[in-house]
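Here's the structure, in structure tokens; my notes come after.
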Amino acid sequence: MSCQKSHAPAPAEAPERLEHWWHRATGYQIYPRSFADSNGDGVGDIPGIIGKLVHLADLGVGFIWLSPIYASPMVDNGYDISDYRAIAPEYGTLADLDRLISEARDLGIGIVMDLVVNHSSSLHAWFKAARASRDAPEHGYYIWREAAPGGGPPDDQEAVFGGPAWTWVEEVQRYYFHYFSPAQPDLNWQNPALRAEVHDMMRWWLDRGIAGFRMDVISLIGKDIDQRIYEEGPDLHPFLQEMHREVIAGREIVTIGESWSVSPETGLLYCAQERKELDMVFEFSHIREGWHPELGKFAPKPFDLVGFKRALFEWQELTRHEGWNALFLTNHDLPRQVSFYADDGKHRRNSARMLATVLHMLKGTPFIYQGEEIGMTNARFERIDQYRDLETLNHFEDQIARGVAPEEFIAGANRNSRDNARTPMQWDAGHGAGFSTGTPWIEVNSNADQINVAQDRSDPESIFAHYRHLVRLRRELDVIAFGETEPLLPDSSAIMAFQRRLGSARVLVLANFTANRQAVCLPLDTCGEGRCLVSSHRARRRIDPDLEMAPFESFAVLFDS
Ligand code: TEU
Ligand code: CA
């Protein structure tokens, strides 16, 4: 049950920060292929999204991060773009997108586009020209090397999605470099003409009225492959500063960079305000915490709350006075949060609400990934042919060749494959979960008849209502938007606890990450009589040093002296 709404405490001193619209906003990520299909071809599309805008307006989100909807052969579901200024026909038209931008704007929701410029598709006109002739100007837009002296690839660098990072092109008698799949040749950011093309394209989108960019693997653009430096290479920050100067300066937009390598040591290089690069980064330290240190994501590892908290709190500390956090537990590349971090069975509803409370009470801009607001779970596929994701399929081939049993791989994929988050959005209990009247491109989760928007919304204690409340609290309370974070009980492997402070206001947040009742012992100075902001169980008002928490219980209490 959500407790009574409180009003914003007056800040004790005038805030020095420059406040931007995205400081109090919550983002919502849409993976268009799986969100809503308007024409029954089994593939989500832009008119489908427009039809669901009321759902998002009701949730209260400030902007949508739209995963790629550009023209693409869809080898990596749109993260392989063949025309940066065109829409994939299966998703709709440019006119549909303009309509989405304007209808969303009328509801107070901005559209943030995915900017995928570490690589293009191998079917992009630039690459077609580049591969046809060494003399084409576009040849220099990509990264080429001669064959090794005895023939064969220049070296043994490997691609993230499996196989060598080099592919031979007969016409130019050279290899091109691809960090991901051969269908995703890396763009050569060292080439000023390429950078100018990207800047021009970005301005073109901004002029259409979008609210900003989520920048795919942006930390790769400064790479020096000869030194085998990929992430955060020597030219990354100069390139980001140039992009800011050329495109972003003077526009009240939001920019979120994706970086798999950023650490507390390098975080502020991206997002400290005076550096003029990005507003925030998606950083993955808390996600990597859940991966096997040697065997990677497909080898299950039990969840370790202590390491998870350490990672999150380190970034809260980093951004205490400078920079900003992008808060998320899941996205289209990650498993469903209730399945990974908590319980997706008996305790699913409280698990979902607990994870939401924890994330949304931290400092930063939270992101909700489609379906998270109703507690959608992992896919639980049984056979490899149910998967669609190229990363999962390629790693399956690889690992089977290395002697891993198929069942063992499927068990790992059930925990961590990217397809867990890509099954269709579950709108209702009808055919195709209300996602499509046709046959969805990837199977609907078999639990769609119990877990869906219609069902959740009919529940007075729904997960959706809980999220809506959290989104509103961030808009209303300065202490949630801007307060400093103070970790409590860092060594507890069962409880996540912290406080937020701003002026005379203090918020205490407690969450039980286990299926057992937990006795919690709090420092005396955190206790007292407060006002319950949000709670999954009975409203808590009086906080005593010794309290007991129910399985997956969570709450936040505001004290204002
Ligand atoms: O992901 C970045 C990335 O490095 C992922 O491939 C990551 O390593 C993997 O998902 C972990 O399992 C971004 C996009 O979010 C992803 O969907 C794209 O496939 C990738 O870039 C290439 O554009
Ligand atoms: Ca469709």
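Nothing in this text is a laboratory measurement; each read-out follows from the coordinates by a stated rule. Quick caveat, the model's predicted, so the values are computed rather than measured. Reconstructed Cβ throughout: ideal geometry from the backbone, glycine too, with neighbour counts over all protein chains shown.
Counting other beta carbons within 10 Å of each residue's own, what order do D546, D114 fall into, fewest first?
If I rank by nearby Cβ atoms, fewest first, I get D546, D114.
Per residue of the stretch 69-86, in order, report the coupling 6.51 cos²θ - 1.76 cosθ + 1.60 (Karplus, θ = phi - 60°) as ³J(HN,Hα) in whole Hz, putting x for Gly and Pro.
Karplus-based 3J(HN,Hα) across the stretch 69-86 equals 10, 6, 3, 6, x, 6, 5, 10, 6, x, 7, 9, 9, 9, 7, 6, 10, 10 Hz.
State the antiparallel share, in %, of DSSP beta bridges confined to the chain, rounding to the nearest 5.
60 percent
For the stretch 229-244, take each phi angle, set θ = phi - 60°, evaluate the Karplus expression 6.51 cos²θ - 1.76 cosθ + 1.60, and give the result in whole Hz per residue in order, putting x for glycine and proline.
Coupling constants for the stretch 229-244: 9, 10, 6, 6, x, x, 9, 4, 6, x, 5, 5, 5, 4, 4, 4 Hz.
Going by how many other Cβ atoms sit within 10 Å of their own, how do V557, V43, V247 line up, fewest first?
In order of increasing Cβ crowding within 10 Å: V247, V43, V557.
Hey, can you grab everything whose amide H is under 5 Å from the amide H of R174? Only 5+ residues off in sequence or another chain; H modelled, so Pro and N-termini drop out.
Here the answer is V169, since their amide H atoms fall under 5 Å of that of R174.
Please state the charge dipole magnitude for the stretch 286-390, taken about the Cα centre, from unit charges on C-beta atoms (+1 on K and R, -1 on D and E), reported in debye and rounded to the nearest 20.
Details: 15 positive and 14 negative charges, 61 e Å.
I would put it at about 300 debye.
Cα axis of helix 94-106 to longest principal axis of the chain: angle in degrees, 0 to 90, nearest 10?
In the chain, helix 94-106 runs at an angle near 20 degrees to the longest axis.
Please list, in chain and number order, the residues 5+ apart from V117 or on another chain whose amide H is under 5 Å from its amide H, with Hs placed from the backbone.
D216
Can you pull a Stokes-Einstein diffusion coefficient for the stretch 153-273 at 20 °C (1.002 mPa s), Rh from Kirkwood over Cα pairs, as a whole number of µm²/s? Don't skip to the answer; put the middle values down first.
Values: Rh = 15.9 Å.
Translational D for this selection: 135 µm²/s.
Compute, for the stretch 382-448, the length of the dipole vector about the Cα centre, with Cβ point charges of +1 (Lys, Arg) and -1 (Asp, Glu) only. Units Debye, rounded to 20.
140 debye
Taking only Cα atoms, what is the 0 to 90° angle, nearest 10, from helix 348-360's long axis to the longest principal axis of the chain?
In the chain, helix 348-360 runs at an angle near 80 degrees to the longest axis.
Before rounding to the nearest 500, sum -39500 (n - 2.57) across all DSSP H runs of length at least 4 in the chain and divide by the residue total; then give [θ] at 222 nm in deg cm²/dmol.
Working: 16 runs with 146 residues, N = 561.
That comes out to -7500 deg cm²/dmol.
Can you list residues whose amide H is under 5 Å from K276's amide H, if they're 5+ apart or on another chain and H is modeled 1.01 Å from N?
Result for K276 returns nothing.
Let me spell out the model: positive unit charges on the Cβ of Lys and Arg, negative unit charges on the Cβ of Asp and Glu, origin at the Cα centre of the chain. What dipole size does that give, in debye rounded to 20? Before the final figure, lay out the partial values.
Working: 56 positive and 81 negative charges, 322 e Å.
Rounded to the nearest 20 debye, it is 1540 debye.
Please give the helix 192-207 orientation as an angle from the longest Cα principal axis of the chain, in degrees from 0 to 90, rounded to the nearest 10.
Computed tilt is about 50 degrees.
Would you mind listing how long the chain runs along its three principal axes, going by Cα atoms, in whole Å with the largest first?
Computed over the Cα atoms, the extents are 75, 52, 46 Å.
By count of other Cβ within 10 Å, fewest leading, how are T93, T330 ordered?
Taking fewest neighbouring Cβ atoms as first place, the list is T93, T330.
What number comes out for the charge environment of L206, summing +1 per Lys or Arg and -1 per Asp or Glu over other residues with Cβ under 12 Å away?
Counting the neighbours of L206, the net charge comes to -1.
Kindly write out, for the stretch 262-267 in residue order, the coupling ³J(HN,Hα) from the Karplus curve 6.51 cos²θ - 1.76 cosθ + 1.60 (θ = phi - 60°), rounded to whole Hz, with x marking Gly and Pro.
4, 10, x, 5, 10, x
Could you tell me what percent of the DSSP beta bridges with both partners in the stretch 198-341 are antiparallel, to the nearest 5?
Antiparallel: roughly 20 percent of the beta bridges in the stretch 198-341.
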